[in-house]
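In what follows, a structure is listed as C-alpha cells, so that the remarks can point back to it.
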Amino acid sequence: MMKYRPATEADIPAMSEIRLAVTENVLSNPALVTHQMYVDYLDRLGRGWVCEDNGDIIGFSYADKTDSSIWALFVKPGCEGRGAGKELLKLATDWLFSLGHQTVTLCTAAETRADRFYQAQGWQRGGMKNQIEVIFTLHRG
C-alpha cells in the first residue's frame with residue numbers, strides 16, 4: 001500500500017538514488033544536485049514529500065516556495081504508472097497554493113514522458129526555456 005508523507009533528511013539517500021536512476025531528465029552532472037540542496041528544500045526553501053510502498057521510497061517531490069515552482073518530481077524506474085507521481089505533484093502544488101501563490105511553474109525536457117504527464121494533469125505547456133526544456137504553468141483554480 002502506498003503512503004505519502006513529508007520528506008525528512010533521513011530520506012535524502014533514497015531520493016538521491018531515485019534521481020540518479022531515472023532514464024529521462026538525466027542529470028548531465030550529478031554533482032550539481034548536492035545533499036545540501038535536498039536539505040534546503042525540506043523546509044528553508046520549500047517542502048518535500050515522499051511516497052512509500054511497503055516501506056520503500058518509490059518517489060518524491062519538492063516544491064520551491066521562493067518562486068512557486070516544482071523543483072523535483074521523480075518516481076523510481078519500474079514504479080511508474082501507479083499514481084505516485086500524480087499524488088506527489090498534487091501535494092506540492094496544493095501546498096504552494098495554500099501559501100497564496102496563484103501560479104505554479106516547472107520545467108522538463110520536451111518530448112518526454114514527463115512532458116506528456118504534465119499535459120495530462122492539466123498543466124499549460126508554454127514556450128521553451130532553452131533548447132531542451134519546456135516551461136509548464138498551473139493556475140490556481
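For segment 23-75, residues that are touching a Gly at 6+ places or on another chain (Cβ under 6 Å), closer than 11 Å to Asp11 by Cα and aliphatic (A, V, I, L, M) total 1. One residue stands out in segment 99-141 among those that are in a loop (DSSP other than H, G, I, E, B) and among the hydrophobic types (A, V, I, L, M, F, W, C): the one that is surrounded by the fewest Cβ atoms within 10 Å (Cβ to Cβ), namely Leu99. Per the conditions (1) in contact (Cβ under 8 Å) with a residue 12 or more places away in the chain; (2) over 10 Å from the mean Cα position of the chain (by Cα), the sole criterion not satisfied by Leu88 is (2).
Conditions tested, residue by residue: (1) surrounded by fewer than 13 Cβ atoms within 10 Å (Cβ to Cβ); (2) over 21 Å from Glu133 (Cβ atoms).
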residue: Asp11; (1), (2): no, yes
residue: Ala14; (1), (2): no, yes
residue: Thr23; (1), (2): yes, no
residue: Ser28; (1), (2): yes, no
residue: Leu32; (1), (2): yes, no
residue: Ser61; (1), (2): no, no
residue: Ala72; (1), (2): no, no
residue: Gly81; (1), (2): yes, yes
residue: Leu96; (1), (2): no, no
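The single condition among (1) at pLDDT below 95; (2) more than 24 Å from Ser28 (Cβ to Cβ); (3) polar (S, T, N, Q) that Thr112 does not satisfy is (2).
This table checks each residue for (1) modelled with pLDDT of 95 or more; (2) touching a strand residue (DSSP E or B) at 6+ places or on another chain (Cβ under 9 Å); (3) not in a loop (DSSP other than H, G, I, E, B).
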{"position": "Thr23", "(1), (2), (3)": "no, no, no"}
{"position": "Met37", "(1), (2), (3)": "no, yes, yes"}
{"position": "Trp49", "(1), (2), (3)": "yes, yes, yes"}
{"position": "Ile57", "(1), (2), (3)": "yes, yes, yes"}
{"position": "Ala63", "(1), (2), (3)": "yes, yes, yes"}
{"position": "Ile70", "(1), (2), (3)": "yes, yes, yes"}
{"position": "Leu73", "(1), (2), (3)": "yes, yes, yes"}
{"position": "Lys86", "(1), (2), (3)": "yes, no, yes"}
{"position": "Thr93", "(1), (2), (3)": "yes, yes, yes"}
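The values are calculated or read from the model by the stated rules, or taken from the named source; none is laboratory data. Note that the structure is a prediction, hence the values are computed from the model and not measured. We place every Cβ from the backbone using ideal geometry, glycine too, and count neighbours over all the protein chains shown.
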